[in-house]
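The values are calculated or read from the model by the stated rules, or taken from the named source; none is laboratory data. For clarity, every value in this text was computed on a predicted model and none was experimentally measured. Quick reminder, even Gly has a Cβ in these numbers, built from the backbone with ideal geometry, and neighbours come from all protein chains shown. Side chains are part of the model used for accessible areas, which takes the heavy atoms of the whole protein and leaves out ligands, DNA and RNA. Shrake-Rupley method; radii C 1.70, N 1.55, O 1.52, S 1.80 Å.
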Amino acid sequence: MTFTMTGFGRTSIAMGAMLLAAVGLLGACAQEANKTAAPSFSRDDIAQINAVFEDWDSKSGPGGVVAVVYGDKTFVHGYGMANLETGMAMSSDTRLHVASISKQFTAYAAGLLINEGKLSLDDRAQDYVPAVKQIKEPLMIEQLIHHTSGLRDQWSLASMAGIRPSEVISQRDILTMASQQNELNFEPGSAFVYSNMGYSVLAEVVGKVAGAPFPQVVDEQIFTPLGMDRTTVFSIRNAPLEGRSMSYDPDGETYRQVPLNFDNYGATSLQTTANDMTRWLRNLLSDAPLGGPAMKQMILQQAVLNNGREVPYAFALELSDFHGLGVVEHGGSDAGFRAHVMYIPEKDFGVAVLSNRSDSDTSIRARKIVSALLLADTEISDPRAALGDIPSAETRRAYEGEFHLADGPVMNVTASEDGLVMASQFWPGLELTQASEGRFITLDDDVPGVLAFDTSVGDGYDEFVFSRGPHEFRGRRITAPNILPDYVGEYVGKYESATLDTSYFIDLTEEGLKVRHWRAGPGQLRPIGADDFAVEGGVFGHIRFIRDGSGKIAAFRGSDRRAKNVPFLRVSDQSAADAGLPE
């Protein structure tokens, strides 16, 4: 299928303030050795790009790099520090971990094999990877690429198992975890749920078919031909790596280093530079990319579910719209690293923003660059104009309440001056503006979000779908009172999971019912139905208890958004306190 997009409308974007802010920075940047720009890039263009990163341009904090290609023009630059401990500054040759951007290369490597006739989108992963052979349903290569396989996510499972992100997590660990999964999140091809496990398995398929370890395959088939000589699939076991950036979290007025000890690949672990990303962007934009013209069409093939619905996700590339421009993009996030890659085929334009600070908004910064360089003279309409007078907040009170996101956290929805605000433990306060009856939209510079209430259910205020890019989050109003049932003591006990080789306690405390693990954080259980609980805090979003034939609690199924219905069997009525587990 072809990639076609429709626009949202148009309004003017003023860049005057941004230009003024960049004047001082431009002079200083011109003297730095780590910036290169083609002569055809104008000073105004450079000033506007630099203005987007002015707050990163410091010797006292982490920062990031940017790579921009526009026709035959190229701009790369580093801002801030790559390593606060050694004093290494960011440069266009600094290596940064790009997290899920790695998936683009895994999918492309699979695409090259498909293009050569060595692999098919319809091949079964079980035929290549023993770790998933126990799963009865066929897992197609196409489903691994498009996150429609139903495989539970490896990081969700690792969290449930009590594994911490700072620990060394190997490819063998992930494949062992996969081998213990006998169930899927859903029937393959019936839904889209992001699965890092799917890409770890896909990397194994690529290595098996190519006859070499996956890191060697992508190096020989992608990095070397494109001249990406500072890009590598990195393992902490191979440290140190020259020119590698560290990652950081804000800690008051300073930053603390956040370790990343991955020894796995396929879903993550790529280290690359701004200079090398210009080569990757040009390959994506080329009419004759690596592997031939057919590759350009292949990597933009969208996911199609069993029911025929298209999902705007291709070969680790999300398809979206930004003020009338057809955008192809993907983000990445691990430890303190953040990354976003975006390209616009119709404009022969691409941008990559890579950062080593967890408070960076790389997607928004990439969009600001697009606005500055491509949309400065474009009028962007305000979608609220179609409403005429914005309805009063009072008319939106009916939407307010607590909602449980499917297998996720409890979401509080409140009315605001011109829309709604959604807040949870993950979203501190997402503002949405009313666009029509029962429909609300985000107006920030990030990926557009739409909150749509289902008017066919009840009074039209009880269920919604929040969509952002290919991701959908379904919410249902919580009507059950936040009061534990009289029989709450029946839930107390120790529960074990053969799937994860770990155990949890369900405890009754002064604060209420809690799920506890000796390593993972505790979660507070909130009743939403009979034997059904939302979980606030901890690693689960939802716990559903199961009774045996005599009516006794025999097990629970724990879920989050990416790993659903993980089984835990009740093995005793022992509480965490009885077991000596400290608070």
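Odds and ends about this structure:
- Positions within region 133-188 being more than 29 Å from F505 (Cα to Cα), open to solvent by less than 40 Å² (accessible area, probe 1.4 Å) and part of a loop (DSSP other than H, G, I, E, B), in sequence order: L139, H147, T148, S149, P188
- Restricting attention to region 97-132, the residues being basic (K, R) and not in a helix (DSSP H, G or I) number 2.
- Criterion (assigned to a loop (DSSP other than H, G, I, E, B) and under 22 Å from N182 (Cβ atoms)) met by exactly one of R561, R557: R561
- Among the conditions (1) surrounded by 15 or more Cβ atoms within 10 Å (Cβ to Cβ); (2) in contact with a strand residue (DSSP E or B) (Cβ under 6 Å, 6 or more places away or on another chain), the only one that D573 does not satisfy is (1).
- Hey, V205 open to solvent by less than 30 Å² (accessible area, probe 1.4 Å), touching a Gly at 6+ places or on another chain (Cβ under 8 Å) and not in a loop (DSSP other than H, G, I, E, B) or not: no
- Residue-level check: of (1) without any contact (Cβ under 8 Å) to a residue 40 or more places away in the chain; (2) in a strand (DSSP E or B), E417 misses just (2).
- Filter result for V69 (at negative phi, touching a Gly at 6+ places or on another chain (Cβ under 8 Å) and either part of a strand (DSSP E or B) or at pLDDT 95 or above (or both)): yes
- Residue check, G408 touching a residue at least 40 places away in the same chain (Cβ under 8 Å) and either within 17 Å of the chain's Cα centre (by Cα) or open to solvent by 50 Å² or more (accessible area, probe 1.4 Å) (or both): yes
- Region 436-445, residues that are under 14 Å from Y399 (Cα atoms) and at pLDDT 85 or above: G438, R439, F440
- Checked against the criterion of being aliphatic (A, V, I, L, M), surrounded by fewer than 20 Cβ atoms within 10 Å (Cβ to Cβ), at pLDDT 95 or above and in contact with an Asp or Glu (Cβ under 9 Å, 6 or more places away or on another chain), region 212-231 contains one or more residues that satisfy it.
- The set of residues in region 282-303 that are open to solvent by 40 Å² or more (accessible area, probe 1.4 Å) and under 16 Å from I145 (Cα atoms) comprises K296, Q297, Q301.
- Subset tally (residues that are aliphatic (A, V, I, L, M) and open to solvent by less than 30 Å² (accessible area, probe 1.4 Å)) for region 244-259: 1
Conditions (1) modelled with pLDDT of 85 or more; (2) acidic (D, E); (3) in a strand (DSSP E or B); (4) buried (at least 19 other Cβ atoms within 10 Å of the Cβ), marked per residue:
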| residue | (1), (2), (3), (4) |
| --- | --- |
| L432 | yes, no, yes, yes |
| V447 | no, no, no, yes |
| P485 | yes, no, no, no |
| E496 | yes, yes, yes, no |
| L513 | yes, no, yes, yes |
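- Pairs with Cβ under 8 Å, 6+ apart, first in region 334-347 and closer than 10 Å to T362 by Cβ and surrounded by fewer than 24 Cβ atoms within 10 Å (Cβ to Cβ), second at pLDDT below 95 and not polar (S, T, N, Q): none
- Of the criteria (1) open to solvent by 10 Å² or more (accessible area, probe 1.4 Å); (2) of a type outside the set (A, V, I, L, M); (3) outside any strand (DSSP E or B), which one G460 fails: (1)
- Among residues of region 515-534, those that are crowded, with 17+ Cβ neighbours inside 10 Å and closer than 22 Å to D578 by Cβ, counted: 9
- Counting only residues that are surrounded by fewer than 19 Cβ atoms within 10 Å (Cβ to Cβ) and under 17 Å from G162 (Cβ atoms), region 535-568 holds 2 of them.
- Per-region count, region 498-511, residues touching a Gly at 6+ places or on another chain (Cβ under 9 Å), surrounded by fewer than 21 Cβ atoms within 10 Å (Cβ to Cβ) and modelled with pLDDT of 95 or more: 1
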